Each structure stands twice: as C-alpha cells, then as structure tokens.
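As structure tokens, the structure follows; a few thoughts come after it.
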Amino acid sequence: MQPAFERLQKLPGFKACGKNQYEAQCPAHEDRKASLSISIGANENILLYCHAKCDLDRVLRCIGLQEKDLFAPKGNNHKPESAPPSYWRRVWGETIPLDNEASEPGRRYLENRGLKLTSYPKDIRFHSTLAYFVDQQTKPG
C-alpha cells in the first residue's frame with residue numbers, strides 16, 4: 001500500500017464505497033459530507049477528485065502530499081491478468097460472421113444502434129452466448 005493512501009485513510013469521513021473506490025471529506029474546503037472521491041487504479045496510481053471543484057494542488061497541500069505521491073513506484077508495472085491466447089483463439093473460432101443466417105441477433109443488435117449495413121465485414125462477428133436485450137422488459141430477472 002502506498003504511503004499516500006495511508007495518509008488519505010486518515011481523512012475525516014474516509015470510507016469505502018466500492019471496489020478500489022473511497023470517499024472522504026475534502027480538506028481543502030469546509031466539507032460537511034464526503035465530496036472527495038478517491039480511486040485506486042489497476043496500476044495502483046491514486047486518482048483524487050473533489051466534487052466541489054477544489055484544485056488538486058490545494059487538496060494535496062492540505063494533506064501534505066505532492067502530485068508525484070499519487071503514482072505507484074517505478075517498477076510496479078502491475079497489469080490485469082489476461083486469458084491465454086489459446087482461449088481467445090477458441091472464442092474467435094466459436095463466432096460466426098454477420099452475413100451468416102444464424103447471426104440474426106448480432107445484426108439486430110447493430111441495427112438497433114443505427115448501424116444498418118448492406119454487407120458485413122468479415123471481422124464483425126457474432127457469438128452465440130451474446131446476451132442482447134432490446135429493452136428492460138425483455139431482460140430476464
């Protein structure tokens with residue numbers, strides 16, 4: 001955990017509000033509710049945003065931090081895990097081109113978004129497990 005995040009955790013009203021999402025009272029203005037959003041990226045960089053529009057430099061000064069403190073140390077090149085190429089080749093092999101009769105749901109999906117094509121490029125394909133619903137009324141659950 002970054003030292004900057006440890007300092008942010010000490011702000012009044014600090015609490016988690018989602019995965020890697022936090023809020024606290026902004027130290028740069030008289031704040032009665034948590035208006036400072038704090039997010040931690042996949043690379044462990046910290047993003048701060050005051051919904052009262054306080055300047056980032058002012059917020060950081062009030063906390064005793066500098067902008068460079070929001071960035072993860074060099075060498076921390078954490079990248080989200082990805083499936084192996086064999087998985088993606090298999091998924092691609094399961095798709096069918098949109099000009100195939102079985103890909104009618106894929107064509108409807110594009111048409112409902114204003115993309116009516118007379119012919120379909122071979123790289124635009126449809127996967128049979130695609131969940132597509134025209135509106136909330138047809139969505140299961």
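No lab work stands behind these numbers, since they all come straight from the coordinates. Keep in mind that this is a model prediction, so the values were computed, not measured. Neighbour counts run over all protein chains shown; Cβ positions are idealised from the backbone, glycine included.
If contacts are Cα pairs under 8 angstrom and at least 6 residues apart, what is the relative contact order of region 85-134 in percent?
45 percent
Take each of the peptides 32-40, 4-12, average the number of other beta-carbon atoms within 10 Å over its residues, and list them starting from the highest. Spell out each step's value before the answer.
Values: 32-40: 17.0, 4-12: 14.8.
In decreasing order of mean packing, 32-40, 4-12 become 32-40, 4-12.
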Magnitude of the charge dipole, region 3-70, Cβ model with Lys/Arg +1 and Asp/Glu -1, debye to 20: 180 debye
Write down Rg/Rh for region 3-70, rounded to two decimals, with Rg from the C-alpha atoms and Rh from the Kirkwood relation over Cα pairs. 0.91
One checks the Cα atoms of region 85-134 and finds Rg and Dmax, in Å, of 11.4, 34
